[in-house]
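The next block holds one structure in the form of structure tokens; read it before the comments.
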Amino acid sequence: MTEEELSLKCAEADPYARKRLYEVYGGQLLAICLRYIGDRDTAQDVFHDGIIKIYQSIGQFKFLGEGSLKAWLSRVMVNEALGYLRKKTLQMQQETLMEQLPDTQLDDDGDVNNIPNKELMRMIRELPDGYRTVFNLFVFEEKSHKEIASLLGISEHTSSSQFYRAKTLLMKKINEYRKSI
């Protein structure tokens, strides 16, 4: 079944098509939630809410070629995760934490490419919620600080500040990981 056929059948509430969509894209969509939320149980709750939203709104999806369904699904799930974070105002609470982070340089004894992807993703998940959200939007979704500020209802300065702090904490975690192996 093509992406277009799958989306049309899902819009008709076809149970087989909905199951197929879940099987094909569920893992990738849950990974998006984990990147933003961090806590697996909460991420699964957000994921399931996102799946319901996808099923309810898939009639609005416009097929634009191969890959457009995955892009649309990902966008819905990112928005669901951001909506959860906005409701909880977690990123704003992080603004006051760790005000004085020291400058941390990545040690020169290797680069990030030598760290397993699973470990890097774990480190990102362990970042404080607000920092992780801004980091994910900037790095993975390739949003500008202006776009991030608009999405999260924060200032551009707050976005860039949280991104800097996220990078600093991540570099510290990377350096600690390297010393432990």
For the range 38-85 the number of residues that are within 14 Å of the chain's Cα centre (by Cα), open to solvent by 60 Å² or more (accessible area, probe 1.4 Å) and acidic (Asp, Glu) is 1
Scan of the range 122-140 for residues that are outside any helix (DSSP H, G or I) and surrounded by 15 or more Cβ atoms within 10 Å (Cβ to Cβ), ordered by number
LEU127, PRO128
List every residue pair whose Cβ atoms sit under 8 Å apart, with the two residues 6 or more apart in sequence or on different chains, where the first one lies in the range 115-129 and is farther than 9 Å from GLY38 by Cβ and among the small types (Gly, Ala, Ser) and the second, anywhere, is open to solvent by less than 60 Å² (accessible area, probe 1.4 Å) and at pLDDT 90 or above.
none
Scan LYS53, LYS62, LYS70 and give me the residue that is in a loop (DSSP other than H, G, I, E, B) and at pLDDT 85 or above.
LYS62
Pick from the range 141-162, criterion modelled with pLDDT of 90 or more and under 14 Å from the mean Cα position of the chain (by Cα), ranking: most open to solvent (accessible area, probe 1.4 Å):
GLU142
Inspect the range 81-103 for any residue being polar (S, T, N, Q), assigned to a loop (DSSP other than H, G, I, E, B) and modelled with pLDDT under 50 and give the result as yes or no.
yes
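The values are calculated or read from the model by the stated rules, or taken from the named source; none is laboratory data. Keep in mind that what you see is a predicted model, and the values were worked out from it rather than measured. Every residue, glycine as well, gets a Cβ built from its backbone with ideal geometry; the counts of neighbours run over all protein chains shown. The protein model used for the area step is the full one, side chains on, heavy atoms only, and it has no ligands, DNA or RNA in it. Shrake-Rupley method; radii C 1.70, N 1.55, O 1.52, S 1.80 Å.
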